[in-house]
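Trainee: I am attaching a structure below and will ask some questions about it afterwards.
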Amino acid sequence: MLTRSLNILLVDDDDTTNFLHTLTLQASGVPHTLNVVETVPDALAIFQDQTIPATQLPHLVFLDLNLPGHTGFDFLDEYRKLAKDTATKPVIVVLSASVNHEDEKKALQAPEVAAFRSKPLSVAMVHQIISTYFPDLGTA
C-alpha cells in the first residue's frame, strides 16, 4: 500500500495550529506529503476529485471537530457516503482541543474514526500513530 511517503491531510481552521502541526510532522522524520485545508467542503473535495489518482489520496487524516460552517462530524457523515465508492480508506484521527467527553465518545463511535487524540500533535503521538496504523512505514 505505502511506498516511501505517507499522504497526510490536516483539516483544521486555525493557522497557528496548522503551522505547529506542520512543524511537528516535519520533526517526526516520517516521510510524508502534507495537504492542509481549513474547511469540510475543501476536505471532501479531495475525496471527490476524480482527477486525483488513488495513490495520491490521503492515507492519514487529522480531523478537527470544531470547524467553521461544518463540523468534523459533518465531514464524517459526508465522507461515509463517499467511502462506499472508494477502495482506498484513510486512517482518520480526530485531533481536537475539545474537553467534552461526549465529543470523544461520539467520534469513536464513527466506524471511520481510528483514534481520538487531544491537541496539540506531538512527535511521540505521530510515531505512535504510524507504528499502530502504518507499521510497514516505520518511524525515523
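The values are calculated or read from the model by the stated rules, or taken from the named source; none is laboratory data. Just so it is clear, the model here is predicted, and its values are computed rather than measured. Quick reminder, even Gly has a Cβ in these numbers, built from the backbone with ideal geometry, and neighbours come from all protein chains shown. Just so you know, the surface numbers come from the protein's heavy atoms only, side chains and all, with ligands and any DNA or RNA stripped out. Shrake-Rupley method; radii C 1.70, N 1.55, O 1.52, S 1.80 Å.
Trainee: Given the conditions (1) hydrophobic (A, V, I, L, M, F, W, C); (2) touching a His at 6+ places or on another chain (Cβ under 8 Å); (3) modelled with pLDDT of 95 or more, report the number of the one that M1 does not fulfil.
Mentor: Result: M1 passes all but (3).
Trainee: Report yes if A83 is touching a Lys or Arg at 6+ places or on another chain (Cβ under 7 Å), small (G, A, S) and over 23 Å from T17 (Cα atoms), otherwise no.
Mentor: It is true that A83 is touching a Lys or Arg at 6+ places or on another chain (Cβ under 7 Å), small (G, A, S) and over 23 Å from T17 (Cα atoms).
Trainee: Counting just the residues of region 65-116 that are of a type in the set (A, V, I, L, M) and open to solvent by 90 Å² or more (accessible area, probe 1.4 Å), which one comes out farthest from A45 (Cα to Cα)?
Mentor: Of everything passing the filter in region 65-116, V99 is farthest from A45 (Cα to Cα).
Trainee: Next question, about the same structure. Across region 51-96, which residue is nearest to the chain's Cα centre (by Cα) among those that are of a type in the set (G, A, S) and modelled with pLDDT under 90?
Mentor: By that ranking, first place goes to A83.
Trainee: Being in contact (Cβ under 8 Å) with a residue 40 or more places away in the chain and either within 12 Å of L6 (Cβ to Cβ) or of a type in the set (F, W, Y) (or both): is that true of F47 here?
Mentor: In short, no.
Trainee: Here's another thing I want to ask about it. Of all residues in region 1-57, which are among the aromatic types (F, W, Y) and open to solvent by 40 Å² or more (accessible area, probe 1.4 Å)?
Mentor: Selection gives F19 alone.
Trainee: Counting only residues that are assigned to a loop (DSSP other than H, G, I, E, B) and without any contact (Cβ under 8 Å) to a residue 24 or more places away in the chain, which one in region 117-140 is least open to solvent (accessible area, probe 1.4 Å)?
Mentor: By that ranking, first place goes to G138.
Trainee: Give me the pairs: first residue in region 1-27 and in a helix (DSSP H, G or I), second residue at pLDDT 95 or above and of a type in the set (G, A, S), beta-carbon distance under 9 Å, and six or more apart or on different chains, which are they?
Mentor: Partner pairs satisfying both residue conditions: T24/S122.
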